[in-house]
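Please treat every number below as a calculation from the coordinates, not as lab data. A quick note: this is a predicted structure, and the numbers were derived from the prediction, not measured. Cβ coordinates were reconstructed from backbone atoms using ideal geometry, including for glycine residues, and neighbour counts include every protein chain displayed.
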Amino acid sequence: MRKKQFIAITLLLALLGLLLPVLPAQAQGLPFGGIVSSRFPCTCSATLRIRFNPLYLGGPTVTSGALVYSPFSTLLYANLNIGVPGKWHIGSYLPGVRACWAIITWWLCLPLPTLGLMTKVGTN
Amino acid sequence: MRRFFLSITILLMIVFSISITPVNAQTFNVNLTRGSRGTDVVFLQQFLVTKDFLQMPPNVAYGYFGSLTRMAVASWQEANGITPAVGFFGPISRAVIVSQIGSVVTSSITSTSSTFPVSVSVPAELFSNAETDAPTAPGMKAGRVMLFRAFPFEVRPGDPITLDGSGFSRTLNKVYFNGDSPDIATSTDGVTLEVSVPARLAEGEYKLTVSNVWGSSENPSITVLIKVTNSPHAAPTIESASIAADDTITLVGSGFTSANNIITTLGNSSHPISASGDTLIFRVADLSMYNETRAFTLGKYQEVLWIYVQNEHGANKEPYQLEITI
């Protein structure tokens, strides 16, 4: 009898585990690190396009490219030198997110391409 | 044993009942009057807008119960026989709104209570949660509607245009052309809006703004224009590009004029550009950020150069991508 109860309770708990809402994993993004070569204000979206040379994206290849820092969503850690040329930045980013729109002429904003949106970043 | 399985059955029923509880019920828990703020006010204003009792000005955000809302509530009360029709949204008005929205889930009415909670299951298109209804694009400021671009730039009356931005509503956006009487549009993703240019518009340039639950996209720093004309020119398009050994880039496409600007991820070209209608030539070294970038890369990096061409007829919608070494 106890064995049947044990099995039934185990099955029940397993079923409950399936039914309980699963908390979505926080979107942490992919790692990156690099030295800032330049920055460009995204004047329409009020974000910052930061260009890195070199840029390390966790693979064997060293590359270059730009990422977007958003004062509205990117977690900024010490030493707070965001976008300062020559400073090392390390953090994580969401690839493919379009988050930099800049004024090109007085009547037109265009999306400036980047590798993605920083989710968190720290600087030296 | 029977008791054991009965317990399990009851437990499972509870679990399933929890999992199917509706979550979109909106509750009006408080009286609303002049000076009130919050989501209840937003929902009330949306209701009044959809019933044509309220017209929110393009520069005024939803969420504050001001004199316009008070007058709109008074008009709605008068139309529904609620007395006194003075614009105070109290227990009687909240009860009436339930009947107008329909599909009541619960209503607990206590005549002596000042809170008089009324819970209603509201149609999603009317009172949906503002965050869900008008989602903010990643990285953009939350709780704001922003308009970045209208494409194409030159259009005929009646032509469709696509608006890019953030915080567009899935249910109710008002698109203004020079502040004229608005057209209603909905967004499926919060970042794009498909709307037709009103047939009533005469030829000329029109400034676009979008208004919704977050307020207005009006921004003194950003002007989004379209040009209404009976003979529109297509925006520039780039079909192919090549780079020569001397770092000269040749673009082949259409819509180029004698006054093109080159916008790239290495900056803009500040030097004259030769154009012959379907080809356009510029030098990488003339791009404004070339030197400072080259100081770091020293000619060792492969880079994808993203290229826009902009002129009096607009700009290519998506950038052309060309791989270069810098």
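Okay, here's what the table says:
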quantity	calculated
Neighbour-count order for B:Asp246, B:Asp40, B:Asp159, fewest beta carbons within 10 angstrom listed first	B:Asp246, B:Asp159, B:Asp40
Order of A:Cys100, A:Cys109 - criterion: other Cβ atoms within 10 Å of each residue's Cβ, fewest first	A:Cys109, A:Cys100
B:Gln55-B:Arg37 pseudo-label distance in nm [points 7 Å out on the Cα-to-Cβ vector]	2.8 nm
Exposure proxy ranking, count of Cβ atoms within 10 Å, fewest first, for B:Trp76, B:Trp214, A:Trp88	A:Trp88, B:Trp76, B:Trp214
Hz values of 3J(HN,Hα) by residue in region A:112-124 - Karplus curve (6.51, -1.76, 1.60), Gly and Pro given as x	8, x, 9, 7, x, 10, 5, 9, 8, 7, x, 10, 8
B:Leu68 versus B:Asp183: modelled label distance in nm, points set 7 Å from Cα along the beta carbon direction	2.2 nm
FRET efficiency, 1/(1 + (r/R0)^6) with R0 22 Å, evaluated for B:Thr248 and B:Lys300 via beta carbons	0.60
Pairs beyond 27 Å (Cα-Cα), from B:Lys141/B:Lys300; B:Lys141/B:Lys174; A:Lys120/B:Lys174; B:Lys141/B:Lys207; B:Lys51/B:Lys317; B:Lys174/B:Lys227	B:Lys141/B:Lys300; A:Lys120/B:Lys174; B:Lys51/B:Lys317
